[in-house]
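Notes to accompany the following structure.
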Amino acid sequence: MELEQKERRLTWKNYLMIGSMLFGMFFGAGNLIFPLHLGQLAGNHWGLATIGFLLSGTLLPLLSIIAISITRSEGIYDVARPIGKHYALIFLILVHATLGPLFATPRTATVPFELGIAPHIPADQTSLYLAIYSAIFFLITYRLSSRQSRIIDVIGRLLNPLFLVLLAIIFLFAFLSPMGQASHATATTAYTHGALTNGFLQGYNTMDALAGLAFGVTVVTSIKLLGTHKPKNIALATAKSGALSMGIEALIYLALILIGATSLNQFKLSANGGIVFAQIANHYMGAVGDAILATLATVTCITTAMGLVTAFAQDFHKHFPKISYLAFLRFTCGISFLIANIGLTQIIAWSTPVLMFLYPLAITLIILAILSPLFKQSSFVYRVTTIFTLIPAIFDMIHALPPLLAQTAFARSMTAFATHYLPLFKLGFDWIPFAAVGFLIGIGGYTLRNISLNWHLNRQNLTDENDTDH
């Protein structure tokens, strides 16, 4: 028993396995289709769009993992705890509901279905086939996630290599026989003058910054299972593994965006990245390409689904220990199955306003966590910054509501007010000046408080010295 408790130094093979697990949990079919569509939208401005997308699609998730490391947290609740325990619990529930059974997890089943199955079945039987496919999908996800100790093996050693081999086949064809030059592709109007900012906002769709906070508990659990228990060593292992997985993602995103841009020489602008991916696969390999795409999308989405349902079950079991990990796992898989059958279009429509609300709060929380050693995790700094960020986040959420709700008198008046009075609202970055002002006020208050405390302490010391002299 004594040997089992000894601290184990992780090898590069261990870091590779954890990084591979993280990559598998992050990289779903959405991570395939959004950069491809971005490439088509950006056309010959794909370079600037790529920089924007990488900032929000890879840098923010990496920063969220680093935030877990710096604060030595084990999940969303710990990172948000300085704001207050009630806020931390509410934020945890909102993020896990978004990443879990309400939006992201159901999407892991509907996206591969739309890519690989829906184009080959009669339209009037889509609902039936989706129900069968999603049931099998979530049964497999539940089975593979039921034993926590096997998650790193299943994702890192089995599913990820298969995914990378399939993706490499498509990349090989695309780069050996390109469909044209990206410089000849025409950009859409929005990307002609705003490629960088629009690319950044497209990165929200991956949900990876939120996922980085949610996956923290899974990463820490896996590291501990490998024999590392000291907080400092866990933090270092988390940061190294995160950098490795995000580096791989960045390279894949770069290739996908470039392929998307070159595809405009062969195809018209598609409604979404799923359509263009299917066109590219079929262009190079015909029916074999369709089969590879269906397999690729299913494999990568199962790895992401495993990461999402595991993080959900582990985090909620930690805060509600009377309910078992398996019970929470069954709950999230079951609800995800039901929501998936609503359909991909409705899932995306309702997830957008939620993301516009949560992302500013998540970004400021990540930055605060990274900078927290400078102000000793002062609750005042956290709270003031969050309160200021909350104001524009609410307006952004209302502005992004589905058309049925966006056209109500209340929503239109709120949007008109924000357009007139909130700087950067039209660009989707109105939260930045608010967060900056909140942070400066918080830091100012924290500094003044320290100055006051030091002044009183010095005065007390002088008084004590005078009393001693007398």
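The values are calculated or read from the model by the stated rules, or taken from the named source; none is laboratory data. This is a predicted model, so every value here is computed, not measured. No Cβ is skipped: glycine too gets one built from the backbone with ideal geometry, and neighbour counts run over all protein chains shown.
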Legend entry - Looking only at region 355-381, and only at residues there that are among the aromatic types (Phe, Trp, Tyr) and more than 18 Å from LEU210 (Cα to Cα), the one that is surrounded by the fewest Cβ atoms within 10 Å (Cβ to Cβ): PHE380
Legend entry - Every pair of residues 6+ apart whose Cβ atoms lie under 6 Å, when the first sits in region 272-287 and is surrounded by fewer than 22 Cβ atoms within 10 Å (Cβ to Cβ) while the second is outside any helix (DSSP H, G or I) and of a type in the set (A, V, I, L, M, F, W, C): GLN279/PHE267
Inset, instruction - Identify, by number, the condition in (1) among the small types (Gly, Ala, Ser); (2) surrounded by 19 or more Cβ atoms within 10 Å (Cβ to Cβ); (3) within 29 Å of PHE337 (Cβ to Cβ) that ALA97 doesn't meet. - result: (2)
Inset, instruction - Give the number of residues within region 46-64 that are crowded, with 24+ Cβ neighbours inside 10 Å and more than 22 Å from ALA369 (Cα to Cα). - result: 4
Legend entry - Odd one out for VAL309 among (1) under 17 Å from MET207 (Cα atoms); (2) at pLDDT below 85: (2)
Inset, instruction - Would you check if there is a residue in region 128-144 being under 18 Å from MET207 (Cα atoms) and among the hydroxyl-bearing types (Ser, Thr, Tyr)? - result: no
Legend entry - Some residue of region 330-342 being farther than 30 Å from GLU114 by Cα and not aliphatic (A, V, I, L, M): no
Inset, instruction - List the number of the failed condition for THR105; all other conditions in (1) closer than 23 Å to LEU36 by Cβ; (2) at pLDDT below 90; (3) β-branched (Val, Ile, Thr) hold. - result: (2)
Legend entry - Residues within region 170-205 that are more than 30 Å from LEU99 (Cβ to Cβ) and in a helix (DSSP H, G or I), tallied: 11
Legend entry - Condition broken by SER241, with the remaining ones in (1) in contact with a helix residue (DSSP H, G or I) (Cβ under 6 Å, 6 or more places away or on another chain); (2) surrounded by fewer than 16 Cβ atoms within 10 Å (Cβ to Cβ) satisfied: (2)
Inset, instruction - Report yes if some residue within region 312-330 is more than 30 Å from ALA255 (Cβ to Cβ), hydroxyl-bearing (Ser, Thr, Tyr) and assigned by TED's automatic domain parsing to the domain that holds ALA135; otherwise report no. - result: yes
